[in-house]
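Structure first, then comments.
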Amino acid sequence: MYHLDNISQKKGNTQILRGINLNIDENSIFAILGPSGSGKTTLLNILAGIDRPTDGNFLNEDGQVEKGIMVFQDYRLFPHMTVFQNITFGLKVKKAKNSEIKQRAENIMKTMGISELINRYPDELSGGQQQRVALARALILNPKLLLMDEPFSSLDEALRIEMLDFVKELQRKFQLTIIFVTHYKTEAYMLSNKVAILINGQIMQVDAPKKLESNPQNFDVAKFLGQANFIEGSLSSDNFSSPVYSGKVNVVAEEGKLYLPFSGQLQLDQTDYPAFKGNVVEKKWMGSNLERVTIKINQETVYCDLASESVSENQVYQFYFSKLPVVF
Amino acid sequence: MHYYTDALNNKVFLKIFFRTFIFALFSAVMACFFGVVLAFLFKKNDNTFTKPFFKLAQLPVMLPHIFIVLALLQLLSQTGLVSSLLTKIGIIHSYNSFPLLLNDQWQIGIILTYLWKEVPFVIVSLVLVLRQMDNRYRIVSENLGATKWQTFWRVSLPLLMPAIVNAFIINFSFNFGAYEVLYLLGNQTKELLPVYIYDLYVQGDYTQLPMIMSLNLILSVFSIAFAGIVLWLSKHLPGGHTGGI
């Protein structure tokens, strides 16, 4: 288990990280998800020993300060070195024996499927190949902890999915602990079963992807995760009143915003929680047998994802909540 | 054609040529060496100490050579200000005890003049590249376990090499072919090539003109060929392939 113990970072007058406390299981993939400027890279730099926190520690199970090997967002392959020279850089500076360097380089290049690129320079490689080389350069050092900064943001959609699977495979093969930061939630959800939400330098929530989506702990998390309607209204005790819905709610915070995620909260099948009657004005195909439906209720617009062909345009339907809705 | 063969068989010419080459090479190497060291010191543009020094370092690039020559003559000649000052405070007994730094056989005055202008030129050229590189590769290198020295030697210096080679070629070509500083601060017994050619020309012997022109051409062709060789060699040194960085 790795422990981030009250890590804070201040640069000038700007407080970038505020008392980060996290426990991360060894031999797992842990995602830190947050918007741009939330302090993700700063936190990763601290875990890589590139930066020092103004307060707090990053310790391993034995209470030792741990330093991870980083794979950077822009890969940062040394442009004047060939693939082989890039990959073996870490071993060379550690003065490993030439025979060992050669053997380990051959093995890692074979694992990464880049053996044929050995004499190429970084500017002769595609984005995916560069990422594999960057990973090989880190993994050749047999790190216990691998850190990845927005690892897939420069890749196109197809390659991103391929690399996500590949990284999972590497994690299993090398029994690595991988901590990666991203601002793409799908990336975080696909790669990790445990995701921490970092907003404004604070960890807001640590949960499984499904729980994050269904139970965001506060408005900031819900807003960042997006894909949700936030309906303005007034709150009196646990009763909410708005042009869309008036009735009982689960009050999490008293900002008076009804949280209706596009997916999973609204349905046509009857439940104990009737929502509203609305006119379906538009449908958009979302893939995987899903449609994004635009509903008009008293001049207000609400979006939700429903199974394909479950509603027709210009028809009024009674909608239900799957559970008592939340108000932030 | 026989003028070229005559020149290349002329021992005096070859001796002067070799001396000029060594002098130009030494000055250019020294300028690059000091320039690289100082560029690494000046690369931080947010440092209150290095920022004004970097601005100051740009000044000599703008000043003409003749300004430096005259300043050196005033300061470092045996009857100059430094010599007078040292005599007055009793460190040396007389003007003659002051070492011959100008018009000396080791070309110290010329080298000082060139360094005064060329070191800042190298600094300005390299600092701009260093600032563009910022700390990106240094951070990677240190994260992979390299020491500061290993990072400098294996990463920063090779990445800087194309800019250093360019600065070296410009400085060498200038040192090898420029005339006025050599004429004013050089030693007549250790003549350098541009002055040798000019002296031949001003002697007014028109029968020597084809020979003078062939010497000129040899000087020019050598400068270009040497630059080509240095560029070719630099492609095979670490940093020769930079992928446009």
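The values are calculated or read from the model by the stated rules, or taken from the named source; none is laboratory data. Quick caveat: nothing in here was measured; it's all calculated off a predicted structure. Heads up, the Cβs are rebuilt from the backbone with ideal geometry, glycines too, and the neighbour counts pull from every protein chain shown. Note: accessible area is taken over every heavy atom of the protein model, side chains too, but ligands, DNA and RNA are not part of it. Shrake-Rupley method; radii C 1.70, N 1.55, O 1.52, S 1.80 Å.
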_Unmet requirement for A:E232, which otherwise passes all of (1) out of contact with any Phe, Trp or Tyr (no Cβ under 7 Å at 6 or more places or on another chain); (2) open to solvent by less than 60 Å² (accessible area, probe 1.4 Å); (3) within 27 Å of A:V311 (Cα to Cα)_ = (2)
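This table checks each residue for (1) more than 14 Å from chain A (Cβ to nearest Cβ); (2) touching a residue at least 24 places away in the same chain (Cβ under 8 Å); (3) crowded, with 20+ Cβ neighbours inside 10 Å; (4) under 30 Å from A:D51 (Cα atoms).
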{"position": "B:E118", "(1), (2), (3), (4)": "yes, yes, yes, no"}
{"position": "B:S141", "(1), (2), (3), (4)": "no, no, yes, yes"}
{"position": "B:A146", "(1), (2), (3), (4)": "no, no, yes, yes"}
{"position": "B:Q150", "(1), (2), (3), (4)": "no, no, no, yes"}
{"position": "B:N166", "(1), (2), (3), (4)": "yes, yes, no, no"}
{"position": "B:N175", "(1), (2), (3), (4)": "yes, yes, yes, no"}
{"position": "B:L193", "(1), (2), (3), (4)": "yes, yes, yes, no"}
_Quick test of your reading of the structure: A:S99 fulfils all but one of (1) open to solvent by 10 Å² or more (accessible area, probe 1.4 Å); (2) more than 14 Å from chain B (Cβ to nearest Cβ); (3) within 24 Å of A:L164 (Cα to Cα). Name the failing condition by number._
(3)
*Top-ranked residue of segment A:80-89 - restricted to ones that are in contact (Cβ under 8 Å) with a residue 12 or more places away in the chain and in a helix (DSSP H, G or I), ranked as surrounded by the fewest Cβ atoms within 10 Å (Cβ to Cβ)*: A:F84
*What number of residues within segment A:90-128 satisfy the criterion of being under 19 Å from B:Y137 (Cα atoms) and assigned to a helix (DSSP H, G or I)?*
8
*Is there a residue in segment B:90-98 that is within 14 Å of chain A (Cβ to nearest Cβ) and small (G, A, S)?*
no
*List, please: which pairs have Cβ atoms under 7 Å, are six or more places apart or on different chains, and start with a residue in segment B:88-110 that is touching a residue at least 24 places away in the same chain (Cβ under 8 Å) and end with one that is of a type outside the set (A, V, I, L, M, F, W, C) and surrounded by fewer than 14 Cβ atoms within 10 Å (Cβ to Cβ)?*
B:Q105/B:T189
*State whether one or more residues within segment B:40-50 are crowded, with 20+ Cβ neighbours inside 10 Å, touching a residue at least 60 places away in the same chain (Cβ under 8 Å), touching a Gly at 6+ places or on another chain (Cβ under 9 Å) and more than 13 Å from B:V119 (Cα to Cα).*
no
*In segment B:59-79, what residues are free of Cβ contacts under 8 Å to residues at least 12 places away in the same chain and not polar (S, T, N, Q)?*
B:M62, B:P64, B:F67, B:L70, B:A71, B:L75
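Could you tell me how many of the residues in segment A:308-325 are under 30 Å from A:N218 (Cβ atoms), of a type in the set (G, A, S) and either touching a residue at least 60 places away in the same chain (Cβ under 8 Å) or open to solvent by 50 Å² or more (accessible area, probe 1.4 Å) (or both)?
Total meeting the criteria: 0.
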*Taking A:Q299 and the conditions (1) surrounded by 11 or more Cβ atoms within 10 Å (Cβ to Cβ); (2) closer than 17 Å to A:V244 by Cβ, which numbered condition does it fall short on, given that it satisfies the others?*
(1)
